[in-house]
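Taking it in order: structure first as structure tokens, then the write-up.
Just so it is clear, none of the values below were taken in a lab; they were calculated from the coordinates. In this text the structure is predicted, and so the values were computed from the model without any measurement. Cβ coordinates were reconstructed from backbone atoms using ideal geometry, including for glycine residues, and neighbour counts include every protein chain displayed.
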Amino acid sequence: GRSFALERLKTFDSQAWDVLSKPSTQTTTPQHLYRGYDRNPAAIEASQANAERAGVSRFTSFEAQPLSKLARPEGPPGLVVVNPPYGARIGDPRSLHALYASFGSIMRERFAGWRVALITSDGKLAKASGLPFGKPSAPIPHGSLKIRLYQTSPLGQKGRAGPKQTQDLNLPLTTIKEN
């Protein structure tokens, strides 16, 4: 079958991978809806195709829209995971500060009670968001880059950190989770 780069990691657990990579016969629907947004319609089409191939399209939703149109979904607070450009492959690092600042402003204004996880190789860009991130993760190899995961506790009123969270988010980096 197909092989993946993660299989060459020193910490790779082949027994766990064998269990996880077997086709599932379960037909239960998860409790959460996973939503994805991007301003690029081609990225949305690719995401929809990937969800279909993975058999998760019935509980995923993808929509092409600019960041400025992002609205809090109905229901209880959840988790926003974002992997914005960080200037290595897409975007000019100098002009990305405004994008990160806009993202942080939208999270503070519209997503009180939600947690935010941001993936980037540039700590200055994470700081430009103005979000109250805790200590970032250890560097994670990503091709020639080292990326980090930055996480907030639930955002309080006007985007201040809410009650302190006692554990890290143990979610795949590509997850957008709505509780």
What are the residues whose amide H is under 5 Å from the amide H of L145, where those residues sit 5 or more places off or on another chain and H is modelled from the backbone?
-> none
Per DSSP, loop chymotrypsin sites (Phe, Trp or Tyr not before Pro) in the stretch 1-77 with at most 13 further Cβ within 10 Å = F4, F12
Most positive-pole-ward Cα, T11, T28, N40, against dipole of the stretch 1-42 from beta carbon charges = N40
Out of A49, Y100, A71 - ranked by how far each Cα lies towards the positive end of the dipole of the stretch 1-109, with unit charges on the beta-carbon of charged residues - the top one is Y100
If you place +1 on the Cβ of every Lys and Arg and -1 on the Cβ of every Asp and Glu, how big does the dipole about the Cα centre of the stretch 108-148 come out, in debye to the nearest 20?
-> 80 debye
Taking 0.36 nm per residue of separation between S61 and H32 and subtracting their Cα-Cα distance, the length gained on full extension comes to 9.3 nm
Answer in debye to the nearest 20: the dipole magnitude of the stretch 38-160 about its Cα centre, from +1 Lys/Arg and -1 Asp/Glu charges placed on Cβ, is 500 debye
